[in-house]
Each structure stands twice: as structure tokens, then as C-alpha cells.
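The values are calculated or read from the model by the stated rules, or taken from the named source; none is laboratory data. Computed from a predicted structure; not experimentally measured. A quick note on method: Cβ atoms are made from the backbone with ideal geometry, for glycine too, and the neighbour counts reach across all protein chains shown.
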Amino acid sequence: MIQDMLQSSPGLGNFVIFFILGLVLLLIVLGFVTFSILAERKVMGYIQLRHGPNQVGGRWGLLQTVADVLKLLLKEDIIPKLADRPLFILAPIIAFAPSFMVLATIPFTENFQFADLNVGLLYYVAISGMTVFGVLLGGWASNNKYSLLGGARATAQMISYEIPLVMSVLGVILLSGSLNLNEIVEAQKNGWFILLQPIGFIVFFIASVAELSRTPFDLPESESELVAGYHTEYTGFRWAFFMLAEYVYLFAMSALITVLFLGGWMAPFGFLDFIPGSVWFSIKFFFVLFVYLWLRSTFPRMRADKLMEFAWKVLLPIALGNIFLTALIKSLFF
Amino acid sequence: MTISGEFFAFMGLALVAIIGGVLLLNLNKVVHMVVALIFTFVSIAGIYILLSAEFVAAVQILIYSGAITIIMLFGIMLTKPYDDESESKGGKWKKILLFLGVIGFAFAVYVGIYNFPIEQVPSALHENNTMEIGKAIYTKFIIPFELVSVLLLAALVGAIILAKREDKEADKE
């Protein structure tokens, strides 16, 4: 449906329709973020043998995040006197916008996708790299040494881990012969890439945790050393924007892993085809999400000097070896 | 010229690209300049998309606005440049001459581009961009490609050697 509309002549009607579709996706993502924060707190609570939020909104604390967000929006908006005002205001926007743009190319089901790009995977990697600017500029504009350090750490980490991230996906691209996410899903008809690319998957998963800067790779905002890293000086809804970007990336990354390695919307076995694709997609998606939450509550933070070594000396060689191996397998067996 | 979505998109992107360029020259703080540069790079990537060169667009964002500007920003932030805000003010004549020069340049470029003979080569590049580029690189342009990769490798090795030497000297002192 979107494909036809993209090729039709422009007009106010089309603009309104696109706008409404985008708004609906934004609302869905906001809803997801609200409840994934709650889920994170609940999962972490149960793993640490406590209950987590259980006061606001019934036994399950269903309205806890809503209340938190309301509190954030009502807070006073503080811009430090010595901060670089225009960049301080611009940085959260630069950080958030790419995280939402990235969602455009992800195929949720066969029919539910906004842009069927030929370079979908590359688009994701390229656009998500732009968030680093928001983080770095936010850290610099705050005029605070903890913020600057956090921003510098975040940049170094995200750039270093982007390389193994892309290298590990090359195996998938080799096997499917396309950068188009739809075709990558179609190529998994006979076997998910998690089975054909186990090494690639593990490297990708580790690098993606670092890209999302979640524990054990949450050095950019490690509260015990840097107060809060790049967003120390941010308050109210500007801070909320940074957090929002982080959780939208969590959404996007879980969806991307589902698409790349877990067969997207396809059923695991042929006889289960009667269950619609959206259900399969959400099952896999929530499983990946749960693993992320699980990791967060079970790992300690990495040391800063080990972090870079791990990316360049461990992950990158393994990813390169995986490419070599995949090329060998492809030329021998496919 | 018919007014279509492409026209609007091109106008918007071109405007952002040019405004970014002008701001890059006129802003005072170096970090602000880099931000203006990012806007220019991203809108140029948008223009590539309009020309249905998706692969080049993605690479433009990944390398130019991703990697190169980050390195520039990093260098600038960690070295603390002096804020030189003094501006040389030329006389009236200099401004008039500059203006004439700009107009002359614009005229020359306009004439040059307007009558530029472009041969229309039918190509299927826009259909499966990435694959066609890959095929061209690995068949027709394999030797230049290999040469470039050797050059990059040499640069990489050189960078490592330079970094190591600095380390040793620091140890001696």
C-alpha cells in the first residue's frame, strides 16, 4: 500500500496520510517505550529477588512509567548559564530523530513496512550512526567535564563497536545476497540465519548491546564514575528525549535482530503457517527484548580500558574470520 | 518544469545544503561549524537518493557525516581551539570587487553548466544499485580497486608506525 502511495503524485491528501501513519507509529513506539521501561524494572526486580514497581496502577505497577513521564514533563527546564545554548537545545533532537527514522525500513510483517529500501541494512547502520552526534554535542554543549567525558566515551565506544557490528552482518549479506531486509527475511525460508551464522549472531549481539550502551557496556553513562555521563546537565523533557532515543533504539535493534537472524515474520515450521506473521514477529521480538533485559541485570560493568581492546582485538578478528568462513561455505555448499 | 514531490524535495535539500555551507563560513565557534557541515553532508545524501543512487547516499552518511565529522569533532573538542573572533574588514572597494568576482563566477558556472553536453547513456544502475556497483568494481575496475586497497593498507600501516614512535619517544622522556 505504501509502495503505491510513494509513487503516486504528491498532494495534500497524501501528505496528511503519511503524517497520520507516522504519528501512529510514533504512538505505538511511545507505548512500547512506556511498557518496556516497566518490563525492564519488573524483570530486574524479579531477578534481584524483589518486586519492582507495584504501587501506581494496580498490582503490576502498570501506570508507573506514565507517572514518571508526567513528572518529567512537569519538571522545570533548566539550561545551565554557561552552556552553549543552541547546541544544548539541538542535541536531544539530533539524538532522537535518527532513532525514529531507522524504524522506517524495518519490515514488521509482509505488508507492514514503511519503506522497502534496497539498501535497508546499510540505511539502518548509517542513520543510527548519526545519534552519536547528539550524544557528543550534548556532552560538549553542557560545559561540564563529566558530560564531556561521557560524550567522548560514548562516541569512542559506538564508533568502535559499529565496525564489528557491520562486519558480523556481512555473513548474512553474503548468504542472502542482498541488503534489502525483505529479501533477507525471504532468504531464511529454509533455515534461520542464527543457525547458519551462529558466530556472526553472537558477535552481532554483543556489539549491539554496546551500541545500545546498556550494561555491561554502559560506560558512557556510568553513574558511579561520571554522575550520568553526557546527560548530567539535562533536565525535564530534554533528558526524556535522550532516554526515549535509547529505548527506541532498543525497539529497533530487537526488531533488526528478529529480521536478520530469527527469520522475521516467518513461522519456524511449515505446519505453523496458519498463525499470522505479526504474531510470530512479536513473539521473536519480545524474546530478543527479554534477553536484553536479562543481560542488563546479570552482568557487571566492563572496565574502560578493556572495552576498546575487546572490540578491536576480540570481536573484529572473529567477525573477519566469520566472513572468511561464510565465503568458504557459500562457495562449497550453495 | 513540472512541480512534483521530487521538485519540493530537491529544493528543500538544496536549500539546507547551501545554508549549511554558508553557516559553515559565517559561524564563529568551530563546533557550530561542524554541525553546519553535518547538515550539508546529510542533505547531499538526500540529493543522491533523489538521483536514485541509494548506495552512494548511505555511504555518504556513513563515511562523511558519520566517520569524518566525528573525527573532526573529537579533535576539536579535545584540543580546545582558541576562539579567534577578529574579522578583517576590507574597504568599500574590496567589497565591490568581491561582489563582481562572485557574479562573474556565477555567470561562468551558469554558462558552463547550461551548455554542458551530457551524453544520455541508458543504464540500469538505479534498479539494483548495490549489486551493479559490486559487479562493476569486481570485473571492470578490479585493478584500480586493488590499488586503492593497497594504498589504504599502506596508510593504515603508516599511521600505526607513527603512533608507535610517539609512544616510544614519550617513554624515553
Handout entry: Residue satisfying condition, being among the polar types (S, T, N, Q), away from every other protein chain (no Cβ under 11 Å) and assigned to a helix (DSSP H, G or I), within set B:Ser65, B:Ser43
Key = B:Ser43
Exercise for the section: Mind listing just one residue for me: the one in segment A:173-188 that is polar (S, T, N, Q) and surrounded by 19 or more Cβ atoms within 10 Å (Cβ to Cβ) and, of those, nearest to A:Val132 (Cα to Cα)? Expected result: A:Asn180
Exercise for the section: Give me the pairs, please: first residue somewhere in segment A:65-91 and free of Cβ contacts under 8 Å to residues at least 60 places away in the same chain and under 13 Å from A:Ala240 (Cβ atoms), second residue anywhere and surrounded by 13 or more Cβ atoms within 10 Å (Cβ to Cβ) and among the charged types (D, E, K, R), beta-carbon distance under 9 Å, and either six or more positions apart or on two chains. Expected result: A:Thr65/A:Arg41
Exercise for the section: Check off (1) farther than 30 Å from A:Thr235 by Cβ; (2) within 10 Å of chain B (Cβ to nearest Cβ); (3) surrounded by fewer than 23 Cβ atoms within 10 Å (Cβ to Cβ) for A:Phe108 and give me the number that stays unchecked. Expected result: (2)
Exercise for the section: Answer with yes or no whether B:Ile49 is within 11 Å of chain A (Cβ to nearest Cβ) and part of a helix (DSSP H, G or I). Expected result: yes
Problem - Test for A:Lys306: is it surrounded by fewer than 15 Cβ atoms within 10 Å (Cβ to Cβ), of a type outside the set (Val, Ile, Thr) and in contact (Cβ under 8 Å) with a residue 60 or more places away in the chain - result: no
Problem - Among (1) touching a helix residue (DSSP H, G or I) at 6+ places or on another chain (Cβ under 7 Å); (2) modelled with pLDDT of 80 or more - the single one A:Thr215 does not satisfy - result: (2)
Practice task
Say whether the condition of being outside any loop (DSSP other than H, G, I, E, B), surrounded by 16 or more Cβ atoms within 10 Å (Cβ to Cβ) and assigned by TED's automatic domain parsing to the domain that holds A:Glu162 is met by at least one residue in segment A:73-89.
Solution key: yes
Problem - Matching helices (runs of 4 or more DSSP H) fully within segment A:189-265 where at least 2 residues are buried (at least 24 other Cβ atoms within 10 Å of the Cβ) - result: A:198-211, A:236-261
Handout entry: Complete set of residues in segment B:11-40 that are among the β-branched types (Val, Ile, Thr) and within 13 Å of chain A (Cβ to nearest Cβ)
Key = B:Val30, B:Val31, B:Val34, B:Val35, B:Ile38
Exercise for the section: List the number of the failed condition for A:Glu183; all other conditions in (1) over 29 Å from B:Glu132 (Cα atoms); (2) more than 14 Å from the chain's Cα centre (by Cα); (3) among the charged types (D, E, K, R) hold. Expected result: (1)
Exercise for the section: Report, by residue number, each residue of segment B:8-46 that is surrounded by 17 or more Cβ atoms within 10 Å (Cβ to Cβ) and more than 25 Å from B:Phe74 (Cβ to Cβ). Expected result: B:Leu13, B:Gly46
Fill in the blank from the handout: Log entry, pairs with first residue in segment A:122-141 being facing another protein chain (nearest Cβ under 7 Å), second being not in a helix (DSSP H, G or I), beta carbons closer than 8 Å, six or more apart or on different chains, reads A:Leu122/A:Leu179; A:Tyr123/A:Leu117; A:Trp140/A:Asp84
Practice task
Within segment B:52-62, count every residue that is surrounded by fewer than 20 Cβ atoms within 10 Å (Cβ to Cβ) and part of a helix (DSSP H, G or I).
Solution key: 2
